[in-house]
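Undergrad: Here you go, one structure.
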Amino acid sequence: MIIDSRFGRLADHYAIGRWERIEPVAQGTTSDAKLVTTDTGRYILRRLRDAEQGRTEYEISRRLRPLDIAPEVLVTKDGLPYFKLEDACYNLQRFVEHEPDGERWNDVELGKTLSLFERSMTDIRRLTGQRDRFDLRRMWDEASASHARDAVIRLLKEPVERCLGHAGKITGYIHGDLGAWNLLLRKGRIYIIDFGEVRLGDRHFDAAAALVSTAGGHASVEEAVTRLEDFCRGYAANAEPLDLDRLREQIHLWIVRGSVAVVRYHGVNERTSRYCRQSMATMEHFDRVIDRCLGR
């Protein structure tokens, strides 16, 4: 791929050797990312919302990098954590290759990784997080108004009303979109990427996102109980243990937000209705798992 002359100018601002190739890459969900190959290695070039996001992501990366749970965000030759090109801001990160083939999620390691992230964020006093792009109240108002007569709205009404009470709980800064798509698996280690959704929220929400999105589709309750116990054991190694009742609430919130988002942005049809029904079944599955862990 021929290097766009605009990006060629970025090469003058980073001490990473001669740029040889730039190509699109699917890492994370909140930014336009490209894989940059130079004569010294590979890097991820990400387009950001603004300079404030560049400073925020650098601060998070600076805290996480010594723990080896997130890629390093590089600074320019001028010491800045981002670079402005025309009307856009970019940052450059070291590339971590996702190698899931033949590996499964190590739930103890997953719990440890999230707890290290949570612990690293606890003493941040000032960080610019963005507003919740998938705010449940806003999405529900729009979806229910557009599809008021559809059965899927009736299916979601009670879970949404219940989850609205969980959405405002705050323990500190959270990743905000910690699904499997923002977790890289490499040689037994787990790396967190894409901090474009960082905001104030409940730490149990990140745990819920990771647990639900990495769950196997056909796991039994017994298998899922083992997964949850392993995850919680790993989490407790570095942070305050998770409260299973709070985790249940945030699992509900994660699942319901996803269902409402699908209806809001893709409408009501056979595919989205089936997704919502499956999501409600997943929620019931996790209820059984947590009840078993609590001995209920």
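The values are calculated or read from the model by the stated rules, or taken from the named source; none is laboratory data. None of the values given here were measured: they were computed from a predicted structure. Note that we place each Cβ from the backbone using ideal geometry, even for glycine, and neighbour counts take in every protein chain shown.
Undergrad: Could you grab me the full set of residues in the stretch 130-182 that are of a type in the set (A, V, I, L, M) and out of contact with any helix residue (DSSP H, G or I) (no Cβ under 7 Å at 6 or more places or on another chain)?
TA: Scanning the stretch 130-182 gives 145, 148, 151, 170.
Undergrad: Note down all Cβ pairs under 7 Å where the first residue falls in the stretch 171-185 and is closer than 21 Å to residue 123 by Cα, the second is among the aromatic types (Phe, Trp, Tyr) and in a helix (DSSP H, G or I), and they're at least six residues apart or on different chains.
TA: 174/205; 175/117
Undergrad: Only one of these is surrounded by 17 or more Cβ atoms within 10 Å (Cβ to Cβ), among the hydrophobic types (A, V, I, L, M, F, W, C) and at pLDDT 95 or above: 167, 207. Name it. Walk me through how you get there before you give the answer.
TA: Details: 167 fails: at pLDDT 95 or above.
Step by step, each of 167, 207 is checked, and only 207 is surrounded by 17 or more Cβ atoms within 10 Å (Cβ to Cβ), among the hydrophobic types (A, V, I, L, M, F, W, C) and at pLDDT 95 or above.
Undergrad: Check 71, 66 and return the single one that is in a loop (DSSP other than H, G, I, E, B) and not assigned by the TED database to the domain that holds residue 203. Talk me through it step by step, then tell me what you get.
TA: On the way: 66 fails: in a loop (DSSP other than H, G, I, E, B).
The conditions single out 71.
Undergrad: So, one more: Mind counting the residues in the stretch 158-181 that are closer than 16 Å to residue 249 by Cα, out of contact with any strand residue (DSSP E or B) (no Cβ under 8 Å at 6 or more places or on another chain) and not small (Gly, Ala, Ser)?
TA: Of the residues in that region, 8 qualify.
Undergrad: Output yes when any residue across the stretch 267-275 is of a type outside the set (S, T, N, Q) and buried (at least 23 other Cβ atoms within 10 Å of the Cβ), and no when none is.
TA: If we filter the stretch 267-275 for residues that are of a type outside the set (S, T, N, Q), which is where we start, we get 267-268, 270-271, 274-275.
From what's left, buried (at least 23 other Cβ atoms within 10 Å of the Cβ): none.
No, because not a single residue in the stretch 267-275 is of a type outside the set (S, T, N, Q) and buried (at least 23 other Cβ atoms within 10 Å of the Cβ).
Undergrad: While we're looking at this one, here's another question. Could you check residue 184 against (1) of a type outside the set (Ser, Thr, Tyr); (2) under 30 Å from residue 270 (Cβ atoms); (3) in contact with a strand residue (DSSP E or B) (Cβ under 9 Å, 6 or more places away or on another chain) and say which number it fails?
TA: In the conditions (1) of a type outside the set (Ser, Thr, Tyr); (2) under 30 Å from residue 270 (Cβ atoms); (3) in contact with a strand residue (DSSP E or B) (Cβ under 9 Å, 6 or more places away or on another chain), residue 184 misses (2) alone.
Undergrad: Here's something else I'd like to know. Restricted to the stretch 239-266, and to residues that are surrounded by 17 or more Cβ atoms within 10 Å (Cβ to Cβ) and either of a type in the set (S, T, N, Q) or without any contact (Cβ under 8 Å) to a residue 12 or more places away in the chain (or both), which residue is nearest to residue 149 (Cα to Cα)?
TA: 259
Condition check ((1) assigned to a helix (DSSP H, G or I); (2) modelled with pLDDT of 95 or more; (3) of a type in the set (Ser, Thr, Tyr)) across all residues:
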{"position": "12", "(1), (2), (3)": "yes, no, no"}
{"position": "15", "(1), (2), (3)": "no, no, no"}
{"position": "30", "(1), (2), (3)": "no, no, yes"}
{"position": "34", "(1), (2), (3)": "no, no, no"}
{"position": "52", "(1), (2), (3)": "yes, no, no"}
{"position": "59", "(1), (2), (3)": "yes, no, no"}
{"position": "90", "(1), (2), (3)": "no, no, yes"}
{"position": "96", "(1), (2), (3)": "no, no, no"}
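Undergrad: Turning to a different aspect of this structure: For the stretch 86-103, state whether one or more residues are within 19 Å of the chain's Cα centre (by Cα), more than 23 Å from residue 23 (Cα to Cα) and surrounded by 14 or more Cβ atoms within 10 Å (Cβ to Cβ).
TA: no
Undergrad: Kindly indicate the residue of the stretch 54-85 that is among the hydroxyl-bearing types (Ser, Thr, Tyr) and touching a helix residue (DSSP H, G or I) at 6+ places or on another chain (Cβ under 8 Å) and also surrounded by the most Cβ atoms within 10 Å (Cβ to Cβ) among those meeting that condition. Break it down stepwise before answering.
TA: Kept after step one, since they are among the hydroxyl-bearing types (Ser, Thr, Tyr), are these residues of the stretch 54-85: 56, 58, 61, 76, 82.
With the extra rule that they be touching a helix residue (DSSP H, G or I) at 6+ places or on another chain (Cβ under 8 Å), the set shrinks to 76, 82.
Working: 76: 16, 82: 22.
Checked the stretch 54-85; the qualifying residue surrounded by the most Cβ atoms within 10 Å (Cβ to Cβ) is 82.
Undergrad: Moving on to the next point. Considering 33, 70, 51, which residue is of a type outside the set (Lys, Arg) and free of Cβ contacts under 8 Å to residues at least 24 places away in the same chain? Lay out the reasoning, then the answer.
TA: Details: 70 fails: free of Cβ contacts under 8 Å to residues at least 24 places away in the same chain; 51 fails: free of Cβ contacts under 8 Å to residues at least 24 places away in the same chain.
Exactly one of 33, 70, 51 is of a type outside the set (Lys, Arg) and free of Cβ contacts under 8 Å to residues at least 24 places away in the same chain, namely 33.
Undergrad: Among the numbered conditions (1) in a loop (DSSP other than H, G, I, E, B); (2) in the same structural domain as residue 200 (by the TED database), tell me where residue 116 comes up short.
TA: Checking residue 116 against (1) in a loop (DSSP other than H, G, I, E, B); (2) in the same structural domain as residue 200 (by the TED database), the one that fails is (1).
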